[in-house]
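J.: Sharing a structure here in structure tokens format.
The values are calculated or read from the model by the stated rules, or taken from the named source; none is laboratory data. Everything numeric in this text was worked out from a predicted model, so none of it was measured. Quick reminder, even Gly has a Cβ in these numbers, built from the backbone with ideal geometry, and neighbours come from all protein chains shown.
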Amino acid sequence: MRKIDITGQKVGRLTVLSDTGKNSGSHTIWLCRCDCGQLTEVRSDRLRSSHTKSCGCLRKEIKHGDSCGGKKSRLYGIWDSMKLRCFNPKQQGYKYYGGKGIKVCDEWKNSYLTFKAWALANGYQDNLTIDRIDSDGNYCPENCRWLTLSENVRNGAFKRWGGEHKAEQEVRISALALEPAGKNKRRLK
């Protein structure tokens, strides 16, 4: 099998620097520099398939330890939901976000820890929801703030999805709590 030179290519957070001269079976081992500055050696098949995207720092962020009893924190759920509704066309709310061109800035999209640091520095509490100041703008530090659900509803963030009322996807509440008595007997799932 002919070896393909991938020096200089970028895979996730890794930039391929050079062939180490080592092999693992039929696979060349490449020396890579991660965006975090760490050097690491990666097999060619793992680079081609994007199985390996960092020196391990990405895994540490994804498995961030921001959980209690194995359950992800509410803030992590907000971050994850924000990305899903902007980038996953299969998500129910995508048409209101990603479908309208709304994105999550790269610094937040690529790092939960960066988003978490911003959230905590900007008043995040468990009773608040994320709000975009300009509803046509992206999720980014200069366009986001934390509001209570009632403030968010008053500001027009309340959306109609699939015939049922839902606020930000990470906040699940009963439609009965928001509708006048008797108007909507169904509950949100």
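Yes or no, residue by residue, for (1) part of a helix (DSSP H, G or I); (2) touching a Lys or Arg at 6+ places or on another chain (Cβ under 7 Å); (3) modelled with pLDDT of 95 or more:
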| residue | (1), (2), (3) |
| --- | --- |
| D126 | no, yes, no |
| D134 | no, no, no |
| R145 | no, no, yes |
| E151 | yes, no, no |
| H165 | no, no, no |
| V171 | no, no, no |
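J.: Out of the residues in the stretch 98-122 that are at pLDDT 95 or above and assigned to a loop (DSSP other than H, G, I, E, B), which is farthest from E142 (Cα to Cα)?
T.: Among them, the one singled out is G101.
J.: May I pose another question? For residues in the stretch 1-53 being part of a strand (DSSP E or B) and acidic (D, E), which is surrounded by the most Cβ atoms within 10 Å (Cβ to Cβ)?
T.: Here the answer is D19.
J.: From the set of residues in the stretch 7-16 that are in contact with a Ser or Thr (Cβ under 7 Å, 6 or more places away or on another chain) and of a type outside the set (G, A, S), which is modelled with the lowest pLDDT?
T.: Restricting to residues being in contact with a Ser or Thr (Cβ under 7 Å, 6 or more places away or on another chain) and of a type outside the set (G, A, S), the top hit is R13.
J.: Residues being in contact with a strand residue (DSSP E or B) (Cβ under 6 Å, 6 or more places away or on another chain) and crowded, with 18+ Cβ neighbours inside 10 Å: count how many of those fall in the stretch 94-120.
T.: Of the residues in that region, 1 qualify.
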